[in-house]
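K.L.:
First, the structure itself, so that you have it in front of you.
Derivation of every value follows stated rules applied to the coordinates shown; laboratory data play no part. This is a predicted model, so every value here is computed, not measured. Counting neighbours? That spans all protein chains shown, and the Cβs are built from the backbone with ideal geometry, glycine included.
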Amino acid sequence: MIRLTLFLSTVIISKSFILLPSSPRVTNANTRKASYYSNAGPDTARITSSSTCLFEDLHGAIYRKEHEMKQVNQQHSSLSDPVRMAIGYALEGESRTPLKLAKALRRTYDDPFSPDNPNFQEKTKEELGREEKLLEYGMADAVMRRGSFIVDIKRKSLSRPGETYARYDDASMVAEAMVRLGADVVFVNVDYASYGGDITELRSTVKAVRRVSKTAAVVMKDIVVDEIQLGLAKDAGADGILLIASVLGPALSNFLDLATTIGLETIVECHTRNEVQAALDALAQNIMVSNYDRLQQRYYPDQAYKLAGMFPGSGGPIICLAGGGLEDTNEMKKLLAVGYDGVVVGRAAMGSARAPEFIRAVRDRTLLPAEFSQWGLEDVEFDMDGNVMAGPRSDVPIPGDDSTSFL
């Protein structure tokens, strides 16, 4: 059984002491933090010392989650238990469309020449000739891209303790509304203490999304520390599960292997260059770069932008996403322009009237191939037919739309 081990270490602060759960990964994170601030000024040093207590939240969440999973394992200890069976057998058949999450992130359903599109069209002689030319110049995959929009549904977050983003009875209602607006994927948080959700909401969300869309995917988001959580996601009908690199550390590859074996897609959340490289080395297919550093409990707004060059070009095996504190359409378009396949938006979309605007800003345009991301064309926008738009435009309402702006 894959299991993470946490050790209790005594941390002495002034004249009192606090027992903090820690691990080898967290120790490395603290070392990284000390190195980062080694040449910092007095102001940064004050931030460091005052934010020490923030580490307790992450460590405490991991420690609590491991304790919870011990109880969950006991509840599902029978070999005939559905959750236990979900992780006990290799996928032999296909009960639903394979790689549904990857197809939703790449929006292959909207490609008129893709077999995944219900209105699939045969390529014309012109298109075939163009493909031959691109192949001749080694640019067969350098085609216009379509960005995907992912909604992170949550009431609250570890990143903003004490703050409530939205109040709703069930995540399924929010997910259904977002999918109707055009969201390609929804994250459903199932950790009640950290995010205000639970596994029952995941089940109801899967049913709600299936009713309104055949292409949208549902991802279970949790602080994953035990293999049983993959079984919970599979049993609930989720298309994928989020794995956090900073939490799993060297165990990441084991979780990816198990998920692949049981037919569950994954998205690996990373923040640092080393975490992205570790995910690539572990053959992760879907990687999300977050601007939020879970170990330091701080936002770095340009982190995803800086790491965009680590991924292969258009049409490659890796689907890369960006997220963490995105609150403006210009940020989203900037990240898509430098090569990301989609953006993850949480707080800004929850309970906000701007949600339709965000979704349209991402989906109602095409993007240059990732190979052209360094050509200084970030401000050039293209419509769905690949024609240059007169924009960038903002605050231009659509006739018959109640929202206040359109990009």
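K.L.:
For the stretch 230-273, what is the convex hull (Cα atoms) projected area averaged across all directions, in square nanometres?
P.N.:
Taking the Cα atoms of the stretch 230-273, their convex hull projects to 3.0 nm² on average.
K.L.:
Between ASP110 and THR124, what is 0.36 nm times their sequence separation minus the Cα-Cα distance? Round to one decimal in nm.
P.N.:
Computed gain between ASP110 and THR124 is 3.3 nm.
K.L.:
Let me ask something else about it. Give the calculated FRET efficiency between TYR89 and ASP328 to the nearest 0.05, with a Förster radius of 51 Å applied to their Cβ-Cβ distance.
P.N.:
Calculated value: 0.65.
K.L.:
Highest mean first, what order results for 217-223, 190-196 on Cβ atoms within 10 Å?
P.N.:
Peptide ranking by packing, descending: 217-223, 190-196.
K.L.:
Please work out, to two decimal places, the log10 of the ratio I(q)/I(0) at q = 0.12, 0.16, 0.24 Å⁻¹ from a Debye calculation in which every Cα of the stretch 190-282 carries one identical scatterer.
P.N.:
Log10 of I(q)/I(0), two decimals: -0.38, -0.66, -1.23.
K.L.:
Could you order peptides 176-185, 76-85 by the average number of other Cβ atoms within 10 Å of their residues, highest first?
P.N.:
Averaged packing, sorted descending, gives the order 176-185, 76-85.
K.L.:
Tell me, in nm to one decimal, what length is gained between LYS214 and LEU258 on full extension, where the rule is 0.36 nm per residue of separation less the Cα-Cα distance?
P.N.:
13.2 nm
K.L.:
What is the packing order of peptides 331-344, 251-264, 276-289, taking the mean over residues of other C-beta atoms within 10 Å and listing the highest first?
P.N.:
Packing proxy ranking, top to bottom: 331-344, 276-289, 251-264.
K.L.:
Report ³J(HN,Hα) in whole Hz for each residue of the stretch 296-301, in order, from the Karplus equation J = 6.51 cos²θ - 1.76 cosθ + 1.60 where θ = phi - 60°; Gly and Pro get x.
P.N.:
For the stretch 296-301, the Karplus curve yields 8, 6, 9, 9, 10, x Hz.
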